[in-house]
Amino acid sequence: MPTSRQPEPTPKWRLALLLLAVALIVVVPAVLLRNAATDTVAAMEQVNHSQQVEAQAYALAYDVRNVESAVLATAAGVDNAELRVRLEESRARIAPALDTLQALTRDNAAQQVRIGHLRANVDQRMNEIARSGEGAFSAASLEALVTRFPIRGIVSEMVAEERKLLARRVAAADRTRSRAELLRWGAMLAQLSLLGTVMFFATRQMAGRVLAEQSTRRASARAAVVLDTVREPIVLADANLRVVMHNAAFAEMFGVQGDAAGQPLAEVGSGAWNDEETLRRLGDVIARDRELWDFQRRQETADGFERIMLINARRMSLPDSEDDAVLVTASDITTQKASEHQIRELNRQLEGKVELVSDVNRELEAFSYSVSHDLRAPLRHIAGFADKLGRQLGDDIDDKSRHYLDVISGSARRMSALIDDLLVYSRLGRSALRPQVVDLQSMIHDTRSMLDANAQADNPGHVIHWKIGPMPVLVADDNMLRQVWLNLLGNAVKYSAHSEPAVIEVSHARETDGSHRFSIRDNGAGFDMAYAGKLFGVFQRLHAASEFSGTGIGLASVKRVITRHDGRVWAESEPGRGATFHFTLPANLEPISKGTPIA
């Protein structure tokens, strides 16, 4: 069985397009989402930064107020260890807080200016508190410091500035999150679309592959059916001359049971193929791509008979493999060879018989020619002495004697005419054809004129109506065709002698195969069609000599001429209703003039 062809691989451009789609829908959104996440983290860091600045500013103001309140409490006589610890801790945090604020707002020039003012006022206030001493410091002194070195306003401005920045940064962070969310949903939808598209194309390709496999299986099944239907043994062998597949005719011819796939060809059919020259030639076919044509070998087939096989082989490619194979067909020509031998034997026998017939014909022609010439001398003597005898007797001869002498003279003349016709008949069969262009119209009119003159001489009151249609120009033997028309038209005139008036029609037509058909019709005596087979034989007559004169050789001569021109002749008639003679000439007798037949 034929091996199914595998579906063709996906074109490279489709694979490249799929990879590009994956890159656009998977990689690009991943990069964008990563950038969006980075932007979101940066925005959140900016928000945290603003919140840190605000918290640090408030912490600084708190520490300053804490220092001032602790100093006021000490001045008021409150003195305990916890208060002193709180005072020292707050005083220690003020300078680092200022440094932190300055570091946090390094990217904001306005805030740096405010921090500079704030640092200066805080330092002044701390210095004034230190010079006054904790015990001499009072509420009035604190109020004077607050008025001279304000802190709260600067902190408020810083906080207000950071809150504005915070609002913008929160809005930017929200926009970034929104874009990231949209990008995430868009990427998810695109990836779902890609997945759906891939699934669609994969499903369609799978369906196409399934259909292709089904079509391939059906095609393989059809090929196997066709291959098994062929009655000529066929086998396919690989490069090692092992059977790949074969048809049913091969299995039947060489007695293969089951499937011989994989078996060496030399072992198939009980060694019918185990022939050194055959295997060598098949090896040359597959190795050198040489075709093997009509190689004849004798092989013993499964029926036990030795047959003459005609082997043909050519190399071919396997559809499911890159290896080459050799396709071998074996035709049984045993019967053909026997027929050819029989035909040769029959031809040999036929050649012998043809030679024998040719010898007989030559002898008959020689005999006819010799007899016809040798008979002329006695006939001349008979006619001459009968004439002399009549003159010698003169007027004293009686009627009976005169009748006898007329019969002798008439018979001699009839015998002379018969000899002349035999010579003509012999010459028509013996002489070679001399083809030339013949105008049948002129030939028929010449023959008609001669026959009219003879008819008027024999029967002056007889009337003949001629109806002659248009005739073609052909290439034929002029003398032989003239003999045909002379005999056929002469017969029409002769056998219509008792019809008044006589009507003779001559017509021409073309047959379906292109040949020329000529017809000569008369309204004479006619004949019985039961004896039509005798018309064209030598010395065959359907009427008595006393009724119509003739030798019985004219129509035989007509048939000989027409046959030598590869035509045929026949007649149709009814007694008392005239006769019609037909003859045909082949189309290849037409002359060629500038590539056009003349008709």
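For this structure, a couple of remarks:
- Scanning the range 446-467 for residues that are under 17 Å from Leu481 (Cα atoms) and touching a strand residue (DSSP E or B) at 6+ places or on another chain (Cβ under 7 Å) turns up just one, Arg448.
- Selection within the range 544-575 - assigned to a loop (DSSP other than H, G, I, E, B) and either among the aliphatic types (A, V, I, L, M) or modelled with pLDDT under 80 (or both): Ala544, Ala545, Ser546, Glu547, Phe548, Ser549, Gly550, Thr551, Gly552, Ile553
- Cβ-Cβ contacts under 6 Å between residues 6 or more apart (or on different chains), taken from a first residue in the range 379-402 that is in contact (Cβ under 8 Å) with a residue 12 or more places away in the chain and of a type in the set (Val, Ile, Thr) to a second residue that is surrounded by 12 or more Cβ atoms within 10 Å (Cβ to Cβ) and not in a loop (DSSP other than H, G, I, E, B), are listed as Ile382/Ala412.
- Residue in the range 298-306 that is surrounded by fewer than 17 Cβ atoms within 10 Å (Cβ to Cβ), assigned by TED's automatic domain parsing to the domain that holds Ala251, in contact (Cβ under 8 Å) with a residue 12 or more places away in the chain and touching a Gly at 6+ places or on another chain (Cβ under 6 Å) present: yes
Let's see how each residue does on (1) touching a residue at least 40 places away in the same chain (Cβ under 8 Å); (2) touching a strand residue (DSSP E or B) at 6+ places or on another chain (Cβ under 9 Å); (3) not aromatic (Phe, Trp, Tyr):
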{"residue": "Leu195", "(1), (2), (3)": "no, no, yes"}
{"residue": "Val198", "(1), (2), (3)": "yes, no, yes"}
{"residue": "Arg204", "(1), (2), (3)": "no, no, yes"}
{"residue": "Arg209", "(1), (2), (3)": "yes, no, yes"}
{"residue": "Ser215", "(1), (2), (3)": "no, no, yes"}
{"residue": "Arg222", "(1), (2), (3)": "no, no, yes"}
{"residue": "Pro233", "(1), (2), (3)": "yes, yes, yes"}
{"residue": "Ala237", "(1), (2), (3)": "yes, yes, yes"}
{"residue": "Val244", "(1), (2), (3)": "yes, yes, yes"}
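- Residue match in the range 503-513 (condition: among the small types (Gly, Ala, Ser), farther than 16 Å from Phe581 by Cβ and free of Cβ contacts under 8 Å to residues at least 40 places away in the same chain): no
- Matching residues in the range 443-478 - criterion: being touching a Leu at 6+ places or on another chain (Cβ under 9 Å), assigned to a helix (DSSP H, G or I) and surrounded by 14 or more Cβ atoms within 10 Å (Cβ to Cβ): Met443, Ile444, Thr447, Arg448, Leu451
- Pairs linking a residue in the range 263-276 that is within 17 Å of Ile308 (Cα to Cα) to a residue that is at pLDDT 85 or above and in a loop (DSSP other than H, G, I, E, B), with Cβ atoms under 8 Å and 6 or more positions apart or on different chains, do not occur.
- Residue in the range 226-256 that is modelled with the lowest pLDDT, counting only those that are loosely packed, with under 12 Cβ neighbours inside 10 Å and farther than 23 Å from Asp303 by Cβ: Val226
- Among (1) assigned to a loop (DSSP other than H, G, I, E, B); (2) at pLDDT below 75, the one test that Ser426 misses: (1)
Matching residues to (1) surrounded by fewer than 13 Cβ atoms within 10 Å (Cβ to Cβ); (2) out of contact with any Ser or Thr (no Cβ under 6 Å at 6 or more places or on another chain); (3) assigned to a helix (DSSP H, G or I); (4) at pLDDT below 80:
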{"site": "Ile154", "(1), (2), (3), (4)": "no, yes, yes, yes"}
{"site": "Glu162", "(1), (2), (3), (4)": "no, no, yes, yes"}
{"site": "Leu165", "(1), (2), (3), (4)": "no, no, yes, yes"}
{"site": "Thr176", "(1), (2), (3), (4)": "no, no, yes, yes"}
{"site": "Leu183", "(1), (2), (3), (4)": "no, yes, yes, yes"}
{"site": "Met188", "(1), (2), (3), (4)": "yes, yes, yes, yes"}
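- Gly394 touching a helix residue (DSSP H, G or I) at 6+ places or on another chain (Cβ under 8 Å) and at pLDDT 70 or above: no
The values are calculated or read from the model by the stated rules, or taken from the named source; none is laboratory data. Please read all numbers here as calculations on a predicted model, not as lab measurements. Virtual Cβ from ideal backbone geometry, glycine too; neighbours counted across all protein chains shown.
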